[in-house]
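The values are calculated or read from the model by the stated rules, or taken from the named source; none is laboratory data. Note that the structure is a prediction, hence the values are computed from the model and not measured. A quick note on method: Cβ atoms are made from the backbone with ideal geometry, for glycine too, and the neighbour counts reach across all protein chains shown. The area values use the complete protein model at the heavy-atom level, side chains included, leaving out ligands, DNA and RNA. Shrake-Rupley method; radii C 1.70, N 1.55, O 1.52, S 1.80 Å.
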Amino acid sequence: MSTYSRSDKSITGERSVVSKRRQYSDVDLRLRAHPSHGDVAALKDIDAVKQSVRNLILTNKYERLFNPNLGSGIRALLFEPADYITMSSIRGEIEDVLTKYEPRIKLLSVDIDDRSEINAYTINIKFNIISITDDVEFEMHLERVR
């Protein structure tokens, strides 16, 4: 009698052992080639989630055709005066987009460092990935270029 397992149950009614750890993967958007086979390299687990967080933050609203509300207004806020109100608005936009559109993480903190001498902000984001117990720290450097 052969058993064909599906997910955590088999057809015969026996339970099979399935890993509780999820593995997230995504295509590396920097398009670096894999060293052994030359195809585009894949990002796994923490790196894939970090790339997703970066993409959500840098996406403007109305950039995605079938989901116009996805994204944040970070780019427009870079041209506002560098003060506490602007930093609070940036923090709110980041928290909003990550809690709405990234279900794989639990956001712990968003810290913003004003680098007004070079017209930039350094953003430190701390979060937990749901399936991994370690805290992940992610740093972005945002500056206006015009």
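When restricted to residues that are open to solvent by less than 80 Å² (accessible area, probe 1.4 Å) and not β-branched (Val, Ile, Thr), the stretch 125-143 contains 7. Across the stretch 121-140, the qualifying residues are those that are hydrophobic (A, V, I, L, M, F, W, C) and in a loop (DSSP other than H, G, I, E, B), and the one among them that is nearest to residue 87 (Cα to Cα) is 130. For the stretch 39-83, the tally of residues that are among the charged types (D, E, K, R), surrounded by 14 or more Cβ atoms within 10 Å (Cβ to Cβ) and assigned to a loop (DSSP other than H, G, I, E, B) stands at 1. Mind telling me which of the residues 86, 122, 99 ends up being of a type in the set (S, T, N, Q), farther than 18 Å from residue 50 by Cβ and surrounded by 12 or more Cβ atoms within 10 Å (Cβ to Cβ)? The unique qualifying residue is 86.
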